[in-house]
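First up is the structure itself, then whatever we jot down about it.
The values are calculated or read from the model by the stated rules, or taken from the named source; none is laboratory data. These numbers were taken from a predicted model, which means no experiment stands behind them. With ideal geometry, Cβ positions are generated from the backbone for all residues, glycine too; neighbour counts draw on all protein chains shown. Surface areas here come from the heavy atoms of the whole protein model, side chains and all, with no ligands, DNA or RNA. Shrake-Rupley method; radii C 1.70, N 1.55, O 1.52, S 1.80 Å.
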Amino acid sequence: MLATRLCTMRKLPSLLARTLTSGTSGSSVLPDMSEGHLPIHVNNVRSRLRDIVGASTNWRDHVQAMQERKALHTLLAKRQEDLPPRRMKDSYLEVILPLGSQPEIREKYLNVHNSVRFGRILEDLDSLGVLICYTHTKQEMQPRSPLSIVTALVDKINLCKKIIYPDCDIKFTGNVSWVGKTSMEVKMHMLQLHDGDYSPVLDATFVMVARDPENKRPAFVNPLVSETPEEEEIIKQGELNKLKRIDFSTASLLKMAPTAEERNIIHDIFLNTLDTRTVSFRSRKLPPNSVWMEDAKLKGLQICHPQERNIFNRIFGGFLMRKAFELGWANACSYGGSRPFIVSVDDIMFQRPVEVGSLLLLSGQVCYTEKNYIQVRVHSEVYDADTREHQTTNIFHFTFISENEVPRVVPKTYGESMLYLDGKRHFAATMKEI
């Protein structure tokens, strides 16, 4: 699957090579829907979204623009049954990021390692996912959509390439793959041009929710119908994904006690860190080639300016993902002592919107390690200077792989032990996927 150019790079350990060249197991093969679809330039995605909702490009006009959207309430469907069903190909879109054919846009995507910044890719995926959902719910007689469609969850992003080249064109494709009453699952794929052919780079699954024009209450969306047995399987998989998310949330360590096996793991860690020279539960000793979890943190602060707002004048979800990823990457880099590579992103829940002007606090934590792998959890919260209150907005989970084996991260407190087990669960889920 790797392109010829990748083979010329310095060889990594076999574990790294196997991980990054394996595809996403269990993912359904989408039927070809590209016929008759003209690709959209990546720079036009955000402008199309502004046109769809009537958003102003001028920050000073945002209050008036939101007031005008209130009149769109009358266009909302009272029941989902009142909306015409859509096919998968009705929402299919292709977006081109011409890094090779238009070098002038390359600077924005370039990192210091002469490859593409993955945080920028997260931004593009987020915008594309929203545009796909607006395409699914488009009504021909309505010039502006009454729906406010926002990202609720990044279910998973699995990569099958280590390097994204900065001088080769990129193509994004995607469509709605499952629909509930007010939510939509979107599957997207990213490919890069090598030697005249597009080869896969990543697969992504996002969940979007539709709300009323003021973004206050849920709104119905068009149902999805299948045309082929393959599409029927994709819809069934979407329903299974929903059930898996419910099960994972129900078993959360914030709600349920660890399993018997997990309790044994934590107790073994505790016993292995006791200082044998003393007979005390408080005297702890770090094992060889290990790092205390409290010493594997990294923090950052971001002032949320109007430049980073979305079409609803709140902070763009893709921007939050980029900032969280970059902090997580730096956390993994400083921990492992070498350049890490992203393997998977999963279970990013958007718990509350971030308002323009907020102080965004980001806290990265290496919470689990295994051989070359580093599992990083990034917690984001906003600080209200008037009330002096902190409110969680997002939790991000990133799986990185390093060129060399990394030290083992060791929890000391009960709270850190729960973070360790949560990281272990996310890592196991990622390994099962790839």
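Observations
- Within the option set 173, 137, being under 21 Å from residue 225 (Cβ atoms), crowded, with 20+ Cβ neighbours inside 10 Å, over 22 Å from the mean Cα position of the chain (by Cα) and modelled with pLDDT of 95 or more holds for one residue only, 137.
- Residue 383 vs. criteria touching a His at 6+ places or on another chain (Cβ under 7 Å), open to solvent by 50 Å² or more (accessible area, probe 1.4 Å) and either at negative phi or not assigned by the TED database to the domain that holds residue 282 (or both): yes
- Qualifying positions in region 215-238 - touching a Leu at 6+ places or on another chain (Cβ under 9 Å), of a type in the set (A, V, I, L, M, F, W, C) and in a loop (DSSP other than H, G, I, E, B): 219, 220, 221
- Every listed requirement among (1) open to solvent by 20 Å² or more (accessible area, probe 1.4 Å); (2) over 25 Å from residue 349 (Cα atoms); (3) at pLDDT 95 or above is met by residue 197 save one, (3).
- All of (1) outside any helix (DSSP H, G or I); (2) within 16 Å of residue 185 (Cβ to Cβ); (3) in contact with a strand residue (DSSP E or B) (Cβ under 9 Å, 6 or more places away or on another chain) hold for residue 241 with one exception: (1).
Each row is one residue, and each column tells you yes or no for (1) assigned to a strand (DSSP E or B); (2) in the same structural domain as residue 308 (by the TED database); (3) open to solvent by less than 10 Å² (accessible area, probe 1.4 Å); (4) of a type in the set (Phe, Trp, Tyr).
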site: 112; (1), (2), (3), (4): no, no, no, no
site: 129; (1), (2), (3), (4): no, no, yes, no
site: 132; (1), (2), (3), (4): no, no, yes, no
site: 151; (1), (2), (3), (4): yes, no, no, no
site: 186; (1), (2), (3), (4): yes, no, yes, no
site: 204; (1), (2), (3), (4): yes, no, yes, no
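- Which numbered condition residue 324 misses (of (1) at pLDDT 95 or above; (2) surrounded by 17 or more Cβ atoms within 10 Å (Cβ to Cβ); (3) more than 12 Å from residue 302 (Cβ to Cβ); (4) of a type in the set (A, V, I, L, M, F, W, C)): (3)
- Taking the listed residues 242, 255, the one that is at pLDDT below 95, of a type in the set (Lys, Arg) and in contact with a Phe, Trp or Tyr (Cβ under 9 Å, 6 or more places away or on another chain) is 242, with no other qualifying.
- Scanning region 395-416 for residues that are buried (at least 23 other Cβ atoms within 10 Å of the Cβ) and closer than 21 Å to residue 324 by Cβ returns 396, 397, 398, 399, 400, 401, 402, 406, 409.
- Residue pairs meeting the criteria (Cβ under 8 Å; at least 6 apart or on separate chains; first open to solvent by 30 Å² or more (accessible area, probe 1.4 Å), in region 208-231; second among the acidic types (Asp, Glu)): 218/212; 220/82; 226/232
- Within region 273-332, the residues that satisfy the criterion of being assigned to a loop (DSSP other than H, G, I, E, B) and within 30 Å of residue 147 (Cα to Cα) are 304, 305, 310, 311, 312, 313, 316.
- Matching option when the condition is within 22 Å of residue 120 (Cβ to Cβ), open to solvent by 20 Å² or more (accessible area, probe 1.4 Å), at pLDDT below 95 and not acidic (Asp, Glu), among 316, 350: 350
- Residue 301 satisfies every condition listed in (1) open to solvent by 60 Å² or more (accessible area, probe 1.4 Å); (2) in contact (Cβ under 8 Å) with a residue 60 or more places away in the chain; (3) under 27 Å from residue 425 (Cβ atoms) except (3).
Every residue, every condition in (1) open to solvent by 60 Å² or more (accessible area, probe 1.4 Å); (2) modelled with pLDDT of 70 or more; (3) closer than 30 Å to residue 374 by Cβ; (4) not assigned by the TED database to the domain that holds residue 133, yes or no:
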| position | (1), (2), (3), (4) |
| --- | --- |
| 12 | no, no, yes, yes |
| 15 | no, no, yes, yes |
| 22 | no, no, yes, yes |
| 73 | yes, yes, no, no |
| 109 | no, yes, yes, no |
